[in-house]
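Notes for the one structure printed next.
The values are calculated or read from the model by the stated rules, or taken from the named source; none is laboratory data. These numbers come from a predicted model, not from an experiment. Heads up, the Cβs are rebuilt from the backbone with ideal geometry, glycines too, and the neighbour counts pull from every protein chain shown.
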Amino acid sequence: MCGIAGVVHRGGTSEIGAELTKMLQSMKHRGPDSTGFALYGPPDDLIVIRFVLAEPNELGGFDMEQRLERNRAEVEARLAKIGADVATMTSETGYAFRATVRYDGELKPLADYLEDIAGCEVLSLGQSLEIIKDLGDADDVARQYNLAGFTGTHGIGHVRMATESDVDLASAHPYWAYPFSDVAVVHNGQLTNYHQWRRRLESSGHRFQSECDSEIIAVYLAEKMEGGMSLEVAMKHSLDDLDGVFTYLCVTNDQLGVAKDEMAAKPLVLFESEELVAVATEEIAIRALVEREVETRDPYEREVLVWQV
């Protein structure tokens, strides 16, 4: 029952935080448990790190406050030790943080070093990608993280109804393609060869924050692209390698792609104009964004579409 959505503004920026909030809130009936955004602001020389130090349902009590303060100090100390110069570090919640750093090293050692702190999970790393996700509907999360003013070029989002896993941040989408910069995925469906691909990717040195099959898709695609494939080619390969019933969206720093499996059982609706591309599980989300009568279409089975920002 989950819902996914994506927006691309070709040749310009817009308030994509507010736009995706409208789209995702219109599909609240598909997933009220958690909401997530992968938003792309203008690229910067700084690395943006989104991380959490606790689950929201763990909050409460003096001991937790002390732990959060102690672990935030440890994050700052480790960033300095690894050679990352902190420009800013802020938090709207006390457990979820946004940091910008000057850092020229590899992302994997940085992420691993931070995640060695108890309770720390890196949600995203990149020069333009920011993953924000939390419990509640889109309006609640957008309000909590002040997303109304987030300006950028493109993004994807997800509303989740918990069925086989807990209601927590680890199970919420989107997923960053650890350890690759600026790649994220949202997904509606199920992979039947999840364990096979998880073992393969873990043997290549990748770690996973969750038991969610969407995270497999993200790392699979990023690894293919690092090997020289374009996003479009990597997504076409995924249709041969990944088994199951699924529709997914993948974003990079300058592209958004959609893929449907050969049965095309998971819905997706597409609207495209010269300036805007919008995709969503339901047409109601397109209409929430465009706010007028538009022509839409459904991508075909085994169809891969990629748009450039």
- Among the residues of the stretch 153-178, the number that are out of contact with any Ser or Thr (no Cβ under 6 Å at 6 or more places or on another chain) and in contact (Cβ under 8 Å) with a residue 40 or more places away in the chain is 14
- Message: Being without any contact (Cβ under 8 Å) to a residue 24 or more places away in the chain and under 17 Å from Leu107 (Cα atoms): is that true of Ser181 here?
- Response: no
- Task: Find the residue count for the stretch 219-246, including only residues that are of a type outside the set (A, V, I, L, M, F, W, C) and under 20 Å from Ile131 (Cβ atoms).
- Result: 3
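Per-residue answers, yes or no, for (1) in contact with a helix residue (DSSP H, G or I) (Cβ under 7 Å, 6 or more places away or on another chain); (2) at pLDDT 95 or above:
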position: Gln144; (1), (2): no, yes
position: Ile156; (1), (2): no, yes
position: Glu164; (1), (2): no, no
position: Ser171; (1), (2): no, no
position: Tyr178; (1), (2): yes, no
position: Val183; (1), (2): yes, yes
position: His187; (1), (2): yes, no
- Item | Of all residues making up the stretch 46-67, the number that are crowded, with 20+ Cβ neighbours inside 10 Å and either aliphatic (A, V, I, L, M) or more than 23 Å from the chain's Cα centre (by Cα) (or both) | 6
- Task: Give Leu110, Leu53 a once-over and let me know the one that is among the hydrophobic types (A, V, I, L, M, F, W, C), over 30 Å from Val279 (Cβ atoms) and touching a Lys or Arg at 6+ places or on another chain (Cβ under 7 Å).
- Result: Leu53
- Message: I need a count of the residues in the stretch 148-187 that are surrounded by fewer than 24 Cβ atoms within 10 Å (Cβ to Cβ) and not in a loop (DSSP other than H, G, I, E, B).
- Response: 6
- Query: With the stretch 225-296 as the region, which strands (runs of 3 or more DSSP E) entirely inside it contain at least 3 residues that are at pLDDT 90 or above and out of contact with any Ser or Thr (no Cβ under 7 Å at 6 or more places or on another chain)?
  - Reply: 244-251, 255-260, 276-280
- Message: Given the criterion over 21 Å from Gly94 (Cβ atoms), more than 13 Å from the chain's Cα centre (by Cα), in contact (Cβ under 8 Å) with a residue 40 or more places away in the chain and surrounded by fewer than 17 Cβ atoms within 10 Å (Cβ to Cβ), identify the matching residue among Gln196, Gln190.
- Response: Gln190
- Here are some conditions: (1) under 26 Å from Arg143 (Cα atoms); (2) part of a helix (DSSP H, G or I); (3) in contact with a helix residue (DSSP H, G or I) (Cβ under 9 Å, 6 or more places away or on another chain). Leu125 meets all but one. Which one does it not meet? (2)
- Tally, over the stretch 129-138, of residues that are of a type outside the set (D, E, K, R) and at pLDDT 95 or above: 4
